[in-house]
Structure formats: structure tokens, C-alpha cells
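The values are calculated or read from the model by the stated rules, or taken from the named source; none is laboratory data. Being a predicted model, the structure only gives us computed values, none of them experimental. Ideal geometry is used to build each Cβ from the backbone, glycine not excepted, and the neighbour counts take in all protein chains shown. SASA here: full protein model, heavy atoms, side chains in, ligands and nucleic acids out. Shrake-Rupley method; radii C 1.70, N 1.55, O 1.52, S 1.80 Å.
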Amino acid sequence: MHFFKLFFFFALFFGLITPFSYSFFEKNEAGLEVFSFSRTFQSPRNMSLERSAGALPSTDPSIVQLNPAGLEIGEGKKNAVSVYWQTGAWADNQGIISYSRKLNAMTLQASYGWIRYGDIDGYDEFGNPTGQIHSPQSQLFTLTSSFPLTHFRFGSTVKLATDKLSGEVGDRTAIALAFDWGFSWLSTSTRYGFALTARDFGSMIRDYVDDSSNDSYAMAQTISIAAFLRPRTIPRLSLLMENSFPRYSQPTVSLGAEYILGKYIFLRAGFNRTWLDLSRDAKELFASNSRPSESNEARLFSLGAGFLHEIFSLDYSFSYLTQGLGVEHRFGLSFNF
């Protein structure tokens, strides 16, 4: 019964806060953010849980992409190295490499992420081939610090993102600078906790074209509230939830579940939809003919599994995409020493 009371409280809290978010964000500016690719640098664990695990501290180094306060290193270890790889409809050559180091109570991490989009033939404004080959690419560099306080955990991340579209004369690599910060609170029993994070608060500091003007556009500027709960009756199960409020797109709810099978195996599942899509789904459920066919989120759901050992971990996630876009696969390997 206590579990259902807590679950009802979480659901009511996240459900009520969403309508109020519309008064704080400029929805008429939808789609104006730049470098949204920075949100795609996620580990298999993050994606199998559909980015709902920001409130739960983790030894997965990519947790900093959700909440820099959640970064931990395995007990008795001081270093962690990880490599993540993604393939699918959006990127056939995308990954992230990170190194974490524990210094007394503080944990530091540096990471590098890349997306290679392949070679693209160039065409002029009349549609004629120019004979030039373009190789667009995006990169993300991050530096994170995380440390515990008396009752909370605090973390912050500095991000430097670059984006190259073409090699035309006058074109150049665009650069953006952004910051993340996060607070986490855990109950003394560690059965539940909350987190408040701000992600991608920054803007472009150099645009794509070398001309007299230097346009500056903001990044996603997302505020999120997350929570987790471990039911007393099923202590191996973690239920996860996050409500995110981007400035330039629709509020999103993410739900996830992680179950420890035996000693080393983790089974995961996640669901992620914007609140607008949920209202459309409700209309469809009640046989309305007014529901549009589009979706604000690319993924319908994700599944995954992990093997966590004292020295290393292996992770995999599978995401089913909307509107016939196919699937995504993510693979991860981490070492602790």
C-alpha cells in the first residue's frame, strides 16, 4: 500500500506541473534551438530507460548527459573509461568516449563525442553537381565535476559543441558553448529520490558562414524534474520518471524500469512521449478522427540489458522508431580500475 501511495504522489506531481510549464516557456519559438544533436549522445543504459534515470546515481559515465550530479565510480575504484557506439536511422557512425577520475569526494570526467554523417555530393543552387564532396560532422566535448553535500549531490558540466556542414568557400565550423547543472536528493533508505537539472543552457558563439555578421542562437535550454522509486515489496526493481521542459519544444515525460536479475544482469525498458502526443493518443483511444499522424518524439519505446561486474560492464539497447524509421542499436563497454 505504501508503494501505491508514493507512486500516486509522483504521478500527480509530474502530471500537475506540466500544464503550468506553458506559462514559463515561449512555445511560439519552437524549433529555434541549435545543436540539438548534443542530446543524442547517450549510453545504451540511458536510452533503454528513455532518459528517465536522471535522479538515480549511476556508475554509467554517460549519466552526466542527464544529470551531472548522478556521476559515481564503483566502490573501491578511482578511474573509469567507457566507449559507447550507436547505429541506426539517425547516425551510422556515432559514439562517445569518456574518462572519469575520483579525487577525494569529488568525481571529474572528460568526454568526447562525434557524429559522422558520411560523404555527400555537392550541388549548386540550380541543382547541378559541383564535383565537390562534403563530409559533415558534429562533435561534443564535455568536462564534468560532481560532489556530494550534506544532504544533496551537486554536479555541473561545461560543453563545447562544433558542427560542420560543408567545405564551401566561406563556410566554416560553427561552435556553441553551454552549461549543465544538477541537484540530486536521496532518502536515507535510498529507496527513492529526486533531481532537478538544467541542460544545454548556452548559445552559438560562432556561426556557419564567415561573413560580416555572427548570428547567435540558443541551445535547447531544458529544465527537468526526475524521480526514482524502489518498491519495498520488489527491492530489485527501480521505477524511474522524468518530466523535461525544453524552451523550444514540447514538454516530455519519460518512464523507465530497471530490474536486477541475479547478481550481474540488468534488464531495462523505457517509454518516452511528449504530453501533446499523449493527448493525441488519448483521442485515438476514444475513436477520434482528428488525431494527426505525426509524432514529436522519434522513438516509441526502448529495451535493453546490461552486465555489470566489478571491473567492467557491457550494455546494449534497442529502440523502435516511429513512422517506419526503423530501429536504433547502442553498444557500450566500460572499465573500472
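Among the candidates Leu240, Leu261, which residue alone is surrounded by 20 or more Cβ atoms within 10 Å (Cβ to Cβ), more than 30 Å from Thr162 (Cβ to Cβ) and at pLDDT 90 or above? Working first, answer last.
Numbers: Leu261 fails: surrounded by 20 or more Cβ atoms within 10 Å (Cβ to Cβ).
From the options Leu240, Leu261, the qualifying one is Leu240.
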message: For the range 267-277, which positions are out of contact with any helix residue (DSSP H, G or I) (no Cβ under 8 Å at 6 or more places or on another chain) and either farther than 15 Å from Ser224 by Cβ or β-branched (Val, Ile, Thr) (or both)?
response: Leu267, Phe271, Thr274, Leu276, Asp277
query: Tell me, which strands (runs of 3 or more DSSP E) wholly within the range 64-160 include 1 or more residues that are open to solvent by 20 Å² or more (accessible area, probe 1.4 Å) and in contact with a Leu (Cβ under 6 Å, 6 or more places away or on another chain)?
result: 79-88, 93-103, 106-116, 137-148
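Kindly establish whether Phe307 is crowded, with 16+ Cβ neighbours inside 10 Å and either at pLDDT 90 or above or under 15 Å from the mean Cα position of the chain (by Cα) (or both). Give the steps one after another, and end with the answer.
Values: crowded, with 16+ Cβ neighbours inside 10 Å: no; either at pLDDT 90 or above or under 15 Å from the mean Cα position of the chain (by Cα) (or both): yes.
When the stated conditions are applied, Phe307 does not pass them.
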